[in-house]
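Participant: Dumping the structure here so I can ask a few things about it.
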Amino acid sequence: MKKQLLYSFTFIALMLANFSFAQQNRTSVSPAPAKALSKNGATPKKGTQAVITTTTSTCMSINLPAPATWSLVNYGTGTPIFADGFVNGPNIYGDREKAMYFDVSATANTMITQVYVGFDHAFSATPTKTVAVRFYDGTTLSPGAALGSGTLSMGTIMTDVSNNQYSLIIFPTPILLPASKRFFASVDISGLQWTSTVKDSLSIISNTDNQTIPSAAWEKWNTNTWYNMGSTSSWTLDISLLIHPFLTQAPITATFTTPSNTVCTGQSVTYNSAGSTSPGTYEWYYAAITATPNATGVTATTSYSVPGTYTTTMIMEDACGSLGVRQKTISVIPSPTVSATPSSTTVCSGKSVTLNGNGASTYAWTGGVTNNVAFVPASSGNYTVTGTAANGCTNSAVASVVVNTTPTVTANTSTTSVCSGNNVTLTGGGASTYAWTGGVTNNVAFAPSSTSSYTVTGTAANSCTNTAVVSVTVNPTPTVSATPSSTSICQGDTVILNGNGASTYAWTGGVTNNTAFTPSATTIYTVTGTNTVGCSATAVSNVIVNSNPSVTANTTSTLICTGNTVTLNGGGANVYVWSSGVNNNVPFSPTTTAIYTVTGFDANNCKNTATVSVVVSACTGIANVEQTKAQFIVYPNPNNGNFVIELNGFNGTSSIEIYNSIGKLVYSQDLTTEKNNLTTNLSSGIYFVNVIENGKVIAVQKLICE
């Protein structure tokens, strides 16, 4: 039965623990036509094909990359295809090995350093099953004595197939070729099964029939007999399997060093490849081999978090693609689990804190801290404790200390010296809230009873506190009185106010203590008396100012003839006293023109004066004045000497004469119109205006100039 093969490229480095090393990928192409063949009546079918798209150096490789003339394929039988098995892998016929013959006698190479195998359609329910890659002496042109071997797990092969990669075995000690430099490389699949209950599957990719270079593949049957697959006893297939030995004349030297073979968990360890043959690349694998290396480069640094024994592998590749491998084990012992107590704390500046390390034997702190000893941190910061266990391993933890600023609290007072009975206000500053001793409320006025010191505790928003103190002196307050406490005077009179019971006195209303002044209206005056310690008290004096009467002076006539009488009357008061011996409301005969003053007294004995003028004239022809026939008005009156005279019944022949208070003519003027504007330039005083017509005085009126 012919087996069908799907080409897949896998380039995975495997050695000892079957680690992988990515090198080549595979790419699908169109399948070649199927070829009818038979083995015991079986008809093979051909699966999907692929081709290599990347290359490596050919100086020491065989058929790598595969020749461009190859069409890569899987051969298999059954319906559906591969149901019965693979031509190039295990099948119902119980084949044990598939091999390729190689002749490198024309080269200078003497040893095998690694081998690449292209697998496809790989599956096993038990991934730990292994497949061996074996080398045989081919001097007789058929598999002879064993030269060496390596193994691959099915789990590794399945991963390689899934990743579309070759599988690779590296030989730390190269396999030496026989003198003929002819050898076979086989894949031993005898550890796999193909039964109704256990169906492992594995295909080795090949080229298409009749593309054999340099010779057809071989297979070992379940009878342990080798057959050329191109023979009529087998499949009559001229195919080459993707088994690619890598040859060299001298292997590269792979070695590396570590500072110590024992490290602590979490401790950094550096691997150094110094002493190795200078290759092109380095790949490092820690603890386990994966498709992707843990690190690359001449050196590698890592750390281990779990105690145990770990194997580190270094794979080297030179410019020609030859690989070297070196492995070392390292013992990882546990580091202590160190903690810092408290892990975080907050203190106020100037306050102490105690830090403790836990989980180790001894402890060393940064920042000058001694374990379990109180100290005063200068500022916020992180303190690291390094704990050392009995096995010498260390670990660290961090304690965060936040130092909040202690507020600078001030105690402020509205005054440091207060008089008894007076208020004072105490206010704290520099914090957010304040609490006072002595029952004081912050920023609220109170009257202290005696001299005292008060302490305020200020708390900031960060809860830190501080205190401040202020003292308040309480001085005695004087008992002040005002003399007189009440008095009544007339407008224009003076009064004297006195303060008593203190050292100095200050009055409202511009009053000076014990000094006469004239109040203008009824007023309550307050005196502030201050003693020798600066304390003050007040008293009041009520000064009642009575208004003076509004006195008028009236006359029965302001112009009389010599020898006639006139009566003067006072008004607006209760009692009247006239100047010049005149009696109120008693007729008398003045001899000359004069101004008379009356003084009127009211019920409060307050007084005022008024005046009236009486003009005494010789009255030549004045008795014939017909005052009712001609009237006039003077305005404004009073005036500044400039005024208007307006006649009622003007006939065109009028004139005026103006006399002063002693009867002297000071101004005269003819009147030309009914309304006359006069500019007299008269000085201040009282005058009398006579209107004259046809030589007679027909009207008289008083004129006041200011």
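The values are calculated or read from the model by the stated rules, or taken from the named source; none is laboratory data. None of the values given here were measured: they were computed from a predicted structure. Cβ coordinates were reconstructed from backbone atoms using ideal geometry, including for glycine residues, and neighbour counts include every protein chain displayed.
Rundown of residues vs (1) surrounded by fewer than 20 Cβ atoms within 10 Å (Cβ to Cβ); (2) among the aromatic types (F, W, Y); (3) at pLDDT 90 or above, yes/no style:
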position: M100; (1), (2), (3): no, no, yes
position: I112; (1), (2), (3): no, no, yes
position: M158; (1), (2), (3): yes, no, yes
position: N164; (1), (2), (3): yes, no, no
position: P172; (1), (2), (3): yes, no, no
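Participant: Mind listing whichever residues of region 439-458 are of a type in the set (V, I, T) and without any contact (Cβ under 8 Å) to a residue 40 or more places away in the chain? First the steps, then the outcome.
Facilitator: The first filter runs over region 439-458 and keeps only residues of a type in the set (V, I, T), leaving 440-441, 444, 451, 455-457.
Listed by number, the residues that qualify are V440, T441, V444, T451.
Participant: What about T477, is it surrounded by 15 or more Cβ atoms within 10 Å (Cβ to Cβ), out of contact with any helix residue (DSSP H, G or I) (no Cβ under 8 Å at 6 or more places or on another chain) and at pLDDT 95 or above?
Facilitator: No.
Participant: Quick check on region 423-445. Is at least one of its residues within 30 Å of T262 (Cα to Cα), of a type outside the set (A, V, I, L, M, F, W, C) and under 41 Å from the mean Cα position of the chain (by Cα)? Show your work before the answer.
Facilitator: Quick first cut of region 423-445, residues within 30 Å of T262 (Cα to Cα) only: none.
No; the residues of region 423-445 include none that is within 30 Å of T262 (Cα to Cα), of a type outside the set (A, V, I, L, M, F, W, C) and under 41 Å from the mean Cα position of the chain (by Cα).
Participant: How many of the residues making up region 548-563 are modelled with pLDDT under 90 and exposed (fewer than 15 other Cβ atoms within 10 Å of the Cβ)?
Facilitator: Qualifying residue count for the region: 5.
Participant: Same structure, new question: Looking at A145, A185, A125, can you tell me which residue is over 29 Å from A250 (Cα atoms) and either out of contact with any Cys (no Cβ under 8 Å at 6 or more places or on another chain) or touching a residue at least 60 places away in the same chain (Cβ under 8 Å) (or both)?
Facilitator: A125
Participant: Would you say L168 is within 17 Å of T248 (Cβ to Cβ), without any contact (Cβ under 8 Å) to a residue 40 or more places away in the chain and not in a loop (DSSP other than H, G, I, E, B)? Explain how you work it out, then say what you get.
Facilitator: On the way: within 17 Å of T248 (Cβ to Cβ): yes; without any contact (Cβ under 8 Å) to a residue 40 or more places away in the chain: no; not in a loop (DSSP other than H, G, I, E, B): yes.
It is false that L168 is within 17 Å of T248 (Cβ to Cβ), without any contact (Cβ under 8 Å) to a residue 40 or more places away in the chain and not in a loop (DSSP other than H, G, I, E, B).
Participant: Related question: Can you tell which of Y116, Y93 is modelled with pLDDT of 90 or more and either under 30 Å from P251 (Cα atoms) or more than 60 Å from the chain's Cα centre (by Cα) (or both)?
Facilitator: On the way: Y93 fails: modelled with pLDDT of 90 or more.
Testing whether each residue is modelled with pLDDT of 90 or more and either under 30 Å from P251 (Cα atoms) or more than 60 Å from the chain's Cα centre (by Cα) (or both) leaves just Y116.
Participant: Which residue, of K199, K181, is of a type in the set (D, E, K, R) and under 26 Å from T107 (Cβ atoms)?
Facilitator: Values: K199 fails: under 26 Å from T107 (Cβ atoms).
Being of a type in the set (D, E, K, R) and under 26 Å from T107 (Cβ atoms) holds for just one of K199, K181, which is K181.
Participant: Could you list, in sequence order, all residues of region 382-409 that are touching a Ser or Thr at 6+ places or on another chain (Cβ under 8 Å) and small (G, A, S)? Spell out the reasoning first.
Facilitator: Initial filter on region 382-409 (touching a Ser or Thr at 6+ places or on another chain (Cβ under 8 Å)): 382-390, 393-407, 409.
Correct list: G387, A389, A390, S396, A397, A399, S400.
Participant: Counting residues that are in contact (Cβ under 8 Å) with a residue 60 or more places away in the chain, which strands (runs of 3 or more DSSP E) fully inside region 242-287 reach at least 3?
Facilitator: Working: elements: 243-248, 262-264, 269-272, 281-286.
Here the list reads 243-248, 262-264.
Participant: Could you figure out which of (1) farther than 24 Å from T262 by Cβ; (2) among the aliphatic types (A, V, I, L, M); (3) surrounded by 15 or more Cβ atoms within 10 Å (Cβ to Cβ); (4) without any contact (Cβ under 8 Å) to a residue 60 or more places away in the chain isn't true of I315?
Facilitator: (4)
Participant: Which residue, of I524, I489, is surrounded by 12 or more Cβ atoms within 10 Å (Cβ to Cβ), within 30 Å of S550 (Cα to Cα) and at pLDDT 95 or above?
Facilitator: Working: I489 fails: at pLDDT 95 or above.
The match here is I524.
Participant: Name the residues in region 267-287 that are within 25 Å of P334 (Cβ to Cβ), of a type outside the set (F, W, Y) and crowded, with 16+ Cβ neighbours inside 10 Å, would you?
Facilitator: Q267, V269, A287
Participant: Across region 666-682, what is the number of residues that are touching a strand residue (DSSP E or B) at 6+ places or on another chain (Cβ under 6 Å) and surrounded by fewer than 17 Cβ atoms within 10 Å (Cβ to Cβ)?
Facilitator: 8
Participant: Only one of these is assigned to a strand (DSSP E or B) and either free of Cβ contacts under 8 Å to residues at least 60 places away in the same chain or farther than 16 Å from A482 by Cβ (or both): G499, G510, G534, G563. Name it.
Facilitator: Numbers: G510 fails: assigned to a strand (DSSP E or B); G534 fails: assigned to a strand (DSSP E or B); G563 fails: assigned to a strand (DSSP E or B).
After ruling out the rest, the residue left standing is G499.
Participant: Now a separate question. Hey, among F135, F119, which residue is buried (at least 16 other Cβ atoms within 10 Å of the Cβ), touching a Phe, Trp or Tyr at 6+ places or on another chain (Cβ under 7 Å) and touching a residue at least 40 places away in the same chain (Cβ under 8 Å)? Even if it seems obvious, please write down each step before you answer.
Facilitator: Numbers: F119 fails: touching a Phe, Trp or Tyr at 6+ places or on another chain (Cβ under 7 Å).
That would be F135, the only listed residue that is buried (at least 16 other Cβ atoms within 10 Å of the Cβ), touching a Phe, Trp or Tyr at 6+ places or on another chain (Cβ under 7 Å) and touching a residue at least 40 places away in the same chain (Cβ under 8 Å).
Participant: Does T208 satisfy the condition of being surrounded by fewer than 22 Cβ atoms within 10 Å (Cβ to Cβ) and hydroxyl-bearing (S, T, Y)? Talk me through it step by step, then tell me what you get.
Facilitator: Values: surrounded by fewer than 22 Cβ atoms within 10 Å (Cβ to Cβ): no; hydroxyl-bearing (S, T, Y): yes.
It is false that T208 is surrounded by fewer than 22 Cβ atoms within 10 Å (Cβ to Cβ) and hydroxyl-bearing (S, T, Y).
Participant: Return yes or no: is G421 loosely packed, with under 12 Cβ neighbours inside 10 Å, farther than 25 Å from C348 by Cβ and not aromatic (F, W, Y)? Break it down stepwise before answering.
Facilitator: On the way: loosely packed, with under 12 Cβ neighbours inside 10 Å: no; farther than 25 Å from C348 by Cβ: yes; not aromatic (F, W, Y): yes.
Judged against the criteria, G421 is not a match.
Participant: Going by the structure shown, is T290 under 28 Å from T156 (Cα atoms), out of contact with any Cys (no Cβ under 7 Å at 6 or more places or on another chain), modelled with pLDDT of 85 or more and surrounded by fewer than 22 Cβ atoms within 10 Å (Cβ to Cβ)? If you could, list the steps in order and put the result at the bottom.
Facilitator: Values: under 28 Å from T156 (Cα atoms): yes; out of contact with any Cys (no Cβ under 7 Å at 6 or more places or on another chain): yes; modelled with pLDDT of 85 or more: no; surrounded by fewer than 22 Cβ atoms within 10 Å (Cβ to Cβ): yes.
Considered against the rule, which asks whether it is under 28 Å from T156 (Cα atoms), out of contact with any Cys (no Cβ under 7 Å at 6 or more places or on another chain), modelled with pLDDT of 85 or more and surrounded by fewer than 22 Cβ atoms within 10 Å (Cβ to Cβ), T290 comes out as no.
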